[in-house]
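Structure first, commentary second.
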Amino acid sequence: MTKHLDRELQSLRSSLVEQFGIVEQMIQRSVRSLVERNSDLADQVIAGDAQVDKTDIYIEEECLKLLALHQPVATDMRWLVTVVKTNSELERMADLACNIAERAKSLSFLPLYPVPDEIHEMVSISTRMVRDALDSFVERDPEKAAAVINEDDRVDALNRKVIDQLQETMRQTPDNVEPALHCFSASRQLERIADLAENIAEDVIYLVEGTIVRHKHDAFLDSSTNE
């Protein structure tokens with residue numbers, strides 16, 4: 001029974017890692033479609049969401065099946081709970097990537113409006129956070145997870161800067177309200193993707209240490225630094 005459970009857990013792990021890769025690619029492509037005004041690339045992102053949804057359901061059903069059949073305890077139980085939560089975060093990231101792609105399709109009709117430079121930096125940090133969240137999960141590394149949590153403040157600051165710039169643009173040049181709103185929305189989606197990567201990092205810390213750090217990051221990060 002234990003060997004069977006181990007095989008099932010390994011298969012589930014592989015499916016989740018593959019889902020991570022697909023979602024990360026969707027995020028990168030969605031922003032490329034935004035910057036390059038590439039509607040075809042945006043359509044690829046949107047079309048890919050169906051496979052993510054299918055895998056999302058498969059992973060959740062497998063987790064519930066293993067919980068019911070094997071009634072795991074301790075580490076295995078925490079691992080399955082973490083997979084369920086992480087799987088949900090990834091599906092939401094894919095939806096946000098699709099939202100960015102939709103904004104890109106709208107901006108393709110407004111090719112002269114430049115995307116704020118800060119959005120490029122937000123993309124770099126957000127995708128790195130997603131990748132590092134995956135690494136922290138695979139390696140069961142709470143320190144790497146803590147680093148992901150720390151990065152979220154940078155994305156928040158960039159998002160605020162973008163919003164301030166876009167609000168000023170809309171005040172000064174009303175003709176640019178429509179494209180500015182599309183960029184506003186894209187920036188907000190990226191900020192949410194970073195939040196979801198942060199949530200996954202929180203789940204990894206719970207997985208490894210059994211500690212729920214949600215809403216109390218400062219206390220956890222301070223204790224990690226002092227160890």
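The table below gives the values:
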read-out: Ser11 paired with Ala157, simple spin-label distance in nm, labels 7 Å along Cα-to-beta-carbon; value: 4.7
read-out: Most positive-pole-ward Cα, Ser126, Thr55, Met170, against dipole of the chain from beta carbon charges; value: Thr55
read-out: Rounded to the nearest 20 debye, dipole of the chain from Cβ charges on Lys, Arg, Asp, Glu; value: 320
read-out: Centre separation in Å (Cα based) which lies between the stretch 172-197 and the stretch 1-53; value: 23
read-out: Cα-projected label distance for Asn176 with Tyr113, points at 7 Å along beta-carbon direction, nm; value: 1.0
read-out: HN-Hα J in Hz across the stretch 63-75 - Karplus 6.51, -1.76, 1.60, θ = phi - 60°, x for Gly and Pro; value: 4, 5, 5, 5, 4, 6, 7, 10, 6, x, 10, 6, 4
read-out: Karplus-derived HN-Hα couplings along the stretch 94-102 (A = 6.51, B = -1.76, C = 1.60, θ = phi - 60°), whole Hz, x at Gly and Pro; value: 4, 4, 5, 4, 5, 5, 5, 4, 5
read-out: Set of aspartates and glutamates with alpha-carbon distance to Lys3 below 18 Å, sequence-local pairs under 8 removed; value: Glu62, Asp76
read-out: Distance (nanometres) between label positions extended 7 Å along Cα→Cβ at Gln25 and Asp95; value: 2.3
read-out: Among (1) 8, 32, 37, 18, 5, 1; (2) 8, 30, 31, 20, 9, 2, 0; (3) 7, 26, 26, 24, 14, 3, 0, the entry derived from the coordinates for P(r) over Cα pairs in 10 Å bins from 0, in percent; value: (2)
read-out: Per-residue ³J(HN,Hα) for the stretch 40-47, Karplus 6.51 cos²θ - 1.76 cosθ + 1.60, θ = phi - 60°, Hz, x for Gly and Pro; value: 5, 5, 4, 5, 4, 4, 5, 5
read-out: Proxy reagent accessibility, fewest Cβ within 10 Å first, across His70, His4; value: His4, His70
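Just so you know, all these numbers are worked out from the coordinates, no wet-lab data involved. Quick caveat: nothing in here was measured; it's all calculated off a predicted structure. Counting neighbours? That spans all protein chains shown, and the Cβs are built from the backbone with ideal geometry, glycine included.
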